[in-house]
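Undergrad: Input: one structure, supplied below.
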Amino acid sequence: MKSGLEDVVAAETVLSDVDGEVGRLIIRGYALEALAGNWTFEQLVHLLFGGFFDDLPDAERLGVMLGQARADAFERARPLLPLLADLPVYDAMRAALAPMPDGVGLNDALRLIAAPAVLLPALLRQSAGQDPIAPDPSRGHADDVVRMLGRDTGGAALDAYLVTVSDHGLNASTFAARVVASTQAGLTSAVLAGLGALKGPLHGGAPGPVIEMLDSIAAEGDARAWIDRALDRGDRLMGFGHRIYRVRDPRADALKAALKTLDRVGGRLAFAEQVEHIALVALRQRKQSRVIETNVEFYTALLLEAVGFPKESFTGVFAMGRVVGWIAHAREQALTGRLIRPKSTYIEEGRARAA
């Protein structure tokens, strides 16, 4: 038995490959560096969906359909918004998504991609006492999300972010989605499983604390002293270290490049880069037996903050991008026709036997 299924191969996939030794992420045959900042999210959806839906149109038509799906998802969710006002934003988003049809067709898939994109801005505006903004189907997906948030810039940076986090091997939430899909449940069920797994702080719930860390360091004014105290307590430095990567997470550099396209981040970015450098030096000096590098969470937090998302919504924005990966993996798994059913070892009075 391998704890956490470490190094256990549980699926064959054409969708993505993570090489943690060299810091490489391949998404459907393309290196991340070729996609982030160069492909739109709509084009990425078309890439990941290829072969999994018989009625998949060309990328341009798919973008039109995704715009229409945002309008449909908004109308379905609008009556639920007042009922969800007292819930945390991520829980409210998940609850509003749950009643959607549990089909396996392309329209079901696009509606599920559209749902977080319209729900998150609507819920954030509602919590601020503002009216939700209806989607504009004629706009690009990321650009429309920023507009629904009430902002007028940041669409290109958000687009690069959504592409960057769209898929990442057999991570916890993707595996959860594949397990559910293997039962022949519909895509909504698979996406809800992904959302449940993503919420945990060991997976998608980590970017928000990066902002808290940076703010605390800025208030103290001495990054090395703050970091040393945190390490003395045994705290994890948020935005550093990854289960898979033994070198720098390639997604961190992709998001850093996207962040630099925004006009209003100069001072914040320079400070974060300084903290990053000091943190990496401290980690190399104090944890010489381990390689701990910058991960995707560090620059995710800065980018989403700059676009206009509050830190409590960061996991929801992560879901906005990762949902396309969940759906593609769910379809890939379902088409195998094979139920995922691993074995366990039963422990009784200190003796192990196969069960």
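Undergrad: Where a Cα-Cα gap under 25 Å defines reach, which lysines qualify for Lys260, not counting those fewer than 8 residues away within the same chain?
TA: Within the straight-line cut-off, Lys260 pairs with Lys311.
Undergrad: Can you tell me which aspartates and glutamates have their Cα less than 18 Å from the Cα of Lys343? Leave out same-chain residues fewer than eight positions away.
TA: Glu6, Asp7
Undergrad: Here is a follow-up. Over all directions, what mean area does the Cα convex hull of segment 243-288 project, stated in square nanometres?
TA: Its average projected convex-hull area is 3.8 nm².
Undergrad: How high is the relative contact order of segment 265-355, given as a whole-number percent (alpha carbon pairs under 8 Å, six or more residues apart)?
TA: 13 percent
Undergrad: Determine the shape class of segment 185-261: with a ≥ b ≥ c the square roots of the Cα gyration tensor eigenvalues, call it rounded for a/c under 1.5, and otherwise prolate if a/b is greater than b/c, oblate otherwise.
TA: Prolate is the answer for segment 185-261, as a/c is 1.5 or above and a/b outweighs b/c.
Undergrad: Based on alpha-carbon atoms only, what is the radius of gyration of segment 287-355 relative to the globular estimate 2.2 N^0.38 Å?
TA: Rounded to two decimals, the normalised Rg is 1.86.
Undergrad: Further question on the same structure: Accessible area, 1.4 Å probe, largest first: how do Asp228, Asp144, Asp7, Asp55 sort?
TA: Listed by decreasing accessible area, they come as Asp7, Asp55, Asp228, Asp144.
Undergrad: Under unit Cβ charges (Lys, Arg +1; Asp, Glu -1), what dipole magnitude, rounded to 20 debye, does segment 134-276 have relative to its Cα centre?
TA: 400 debye
Undergrad: From the C-alpha coordinates alone, can you work out the Kirkwood hydrodynamic radius of segment 27-95, in Å?
TA: Computed over Cα pairs of segment 27-95, the Kirkwood hydrodynamic radius comes out at 14.6 Å.
Undergrad: Further question on the same structure: Describe numerically, in nm with one decimal, the distance between label points set 7 Å from Cα along Cα→Cβ at Ile244 and at Val14.
TA: 1.9 nm
Undergrad: For the chain, taking Cα atoms only, what is the radius of gyration to one decimal and the Dmax to the nearest whole Å?
TA: In Å, with Rg to one decimal and Dmax whole: 20.5, 64.
Undergrad: Given Cα pairs under 8 Å that are at least 6 residues apart, what percent is the relative contact order of the chain?
TA: With pairs under 8 Å counted, the relative contact order is 24 percent.
Undergrad: Using only Cα positions of segment 87-192, each an equal point scatterer, no hydration layer, compute I(q)/I(0) via Debye at q = 0.11, 0.19, 0.21, 0.23 Å⁻¹ and quote the log10 values to two decimals.
TA: -0.39, -1.11, -1.26, -1.35
Undergrad: What does the charge dipole of the chain about its Cα centre add up to, to the nearest 20 debye, if the Cβ of each Lys and Arg holds +1 and the Cβ of each Asp and Glu holds -1?
TA: 780 debye
Undergrad: Evaluate Rg over Rh across segment 139-207, taking Cα atoms for both radii and Kirkwood's formula for Rh.
TA: Ratio value, two decimals: 1.07.
Undergrad: In debye, nearest 20, what is the charge dipole magnitude of segment 230-322 about its Cα centre with +1 on Lys and Arg Cβ and -1 on Asp and Glu Cβ, if you could check?
TA: 340 debye
Undergrad: Not counting ligands, DNA or RNA, and with a 1.4 Å probe, what is Arg78's accessible surface area in Å² rounded to the nearest 10?
TA: Number for this one is 110 Å².
Undergrad: I've got another one for you. Which is the longest stretch in the chain that no exposed loop site breaks, taking sites as GluC sites (Glu not before Pro) with a DSSP loop state and at most 16 other Cβ atoms within 10 Å?
TA: Formally, the longest exposed-site-free interval is 22-348.
Undergrad: While we're on this one: Can you compute the radius of gyration and Dmax for segment 39-143, using only the Cα atoms, both in Å?
TA: 14.1, 44
Undergrad: Percent of alpha carbon pairs in segment 156-299 separated by more than 28 Å?
TA: 27 percent
Undergrad: Moving on to the next point. Show Leu47, Leu304 ordered by accessible area, largest first, where the area counts protein heavy atoms only and the probe is 1.4 Å.
TA: Sorted by accessible area, descending: Leu47, Leu304.
Undergrad: What does the accessible area of His46 come to, in Å² to the nearest 10, when a probe of 1.4 Å is used?
TA: Estimated to the nearest 10 Å², His46 gives 60 Å².
The values are calculated or read from the model by the stated rules, or taken from the named source; none is laboratory data. As the structure is a prediction and not an experimental result, all values here were calculated from the model. When we count neighbours, we look across all protein chains shown, and the Cβ atoms used for this are built from the backbone with ideal geometry, even at glycine. Note: accessible area is taken over every heavy atom of the protein model, side chains too, but ligands, DNA and RNA are not part of it. Shrake-Rupley method; radii C 1.70, N 1.55, O 1.52, S 1.80 Å.
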